[in-house]
Each structure stands twice: as structure tokens, then as C-alpha cells.
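Nothing in this text is a laboratory measurement; each read-out follows from the coordinates by a stated rule. Fair warning: this is a prediction, and the values are worked out from it, not measured in the lab. Neighbour counts run over all protein chains shown; Cβ positions are idealised from the backbone, glycine included.
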Amino acid sequence: MMLEPLLPTILSVRRIPAADREVLRMYDADPERHVSLGLVTCDQDDPTYVALDEATKHAAVEVVYARSFYAGAAHASGPLSGEILGVIAGPDPEEVDRGLDALVRCLEHDACFYDADGKGQLAVFPHVIPSLGHYLSREAGLQPGDAMAYLVAPPIEAALGIDAAMKAATVRAAKLFPPPTETNFSAAWLTGLQHECEAAAMAFAEAVVEVGLRPRG
């Protein structure tokens, strides 16, 4: 099964080298440990969560804020808003720069949604993270270095896809996201050995495509 990538668009990447203490607090950074902030917006939220996690593997930064916007990128509040705002914090501008560089690389070359119906109307995110960083491991209740299948699709497609993924591989659900989420999708974080996560992600994607082809069974 070959799915065409729907590449994310990075809308803004900005730095605050020496952030005001109140701005640090506004984004849940610790003014005693954090000096600099890096901010990013993008038109795909789930790939950005993956990219934020990637930043923690390459720099001494923490993800202090990451939030999807209601109704998704098609209903953004402004031209640079997209679907998500992510904020990393670090002890100095150099660490934040390293984190942002890793984040951008991930969005440009790794994490993205895929076209599941050949029309660009049905999107699926069957992404496998071979080794979690500090951010998503914390959010999922896992350990840094664990493998995780990060699976996202619209509500009914996700329901059948998650069921197929759980039955196809030896994985367990670290966290489930029933609809509606902020963007009205549904998701699952599944964990296990890397090859099991890959099998789960493949089964998920195949089920999403099948539901799109035969919505009434």
C-alpha cells in the first residue's frame, strides 16, 4: 500500500532569546531554569507534536506548551496560526536553536499525514516513533526510548483502524483519544516493540483506506 504524503507547512518559527519572566510563566516555562523560548506554528498538529518530541532528543530543551487549535487549520485565527502552537524552552538561545533545527527537519523529512482516498479529502497519520523523546514519553506515560505508534484519522475511520491495529500486533494502548478532539479527529498511542508498532500502523492505515472505499460496509 502506497500512500501519498500530505506535507505539512511550517507557518512560523520564531525565537525569544531572553524571554520576560511573565512570558515564560504564561507558557509554563520555569524562569529559574529557562531563559529562551522557541515558537512554531504549522498546519498539521500531530506531526508537530512528533517534531516537538524530536527536539528534546537533540537539545537540552523542554516542550512547555503544545496545543491544537479548535476546528483545525481550515478555520485558523490568522494566516500564521495554522493548527497548532508549540513552544520549547531552554537555558540559552543556542539550545533552543538546536531544538528548533531538529523540529524543522522532522516536519520537512519525516512526520506528515497521508492521502488515504486519492483525493486529498481523507487524511491518515500512521506514524511510528522508534524511540520516544522526553516530551511524548511523559505525555503517554512511557519511558524515553520506548517505541510508539501514533495513529490518527477521522472518527469512524479511526475506530475501525485502532481495532485493526490492536488485533494485528502485540501492542498495548498507552493513550486513546476518542472524538471529538480539538480538530475533530480521533487518535491512539500504541506501544510495543518497534516492529509490532510498525505492524499496528500498517493495519491502521489499511483499515482507514478500506473504510474510505466502503463507508457503508
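Observations
- Among 125-133, 169-177, 103-111, the order from most to least packed when residues are scored by Cβ within 10 Å on average: 125-133, 103-111, 169-177
- Computed from point charges on the beta carbon alone (+1 for Lys and Arg, -1 for Asp and Glu), the dipole magnitude for the chain about its Cα centre is near 380 Debye.
- The stretch between Q194 and V23 holds 57.7 nm of extra length on full extension. This uses 0.36 nm per residue minus the Cα-Cα distance.
- Taking Cα centre as origin and charging only the Cβ of basic (Lys, Arg, +1) and acidic (Asp, Glu, -1) residues, the dipole magnitude of the stretch 116-213 rounds to 180 debye.
- Helix-only arithmetic for the chain: the sum of -39500 (n - 2.57) across DSSP H runs with n ≥ 4, divided by the residue total, places the mean residue ellipticity at 222 nm at -11500 deg cm²/dmol.
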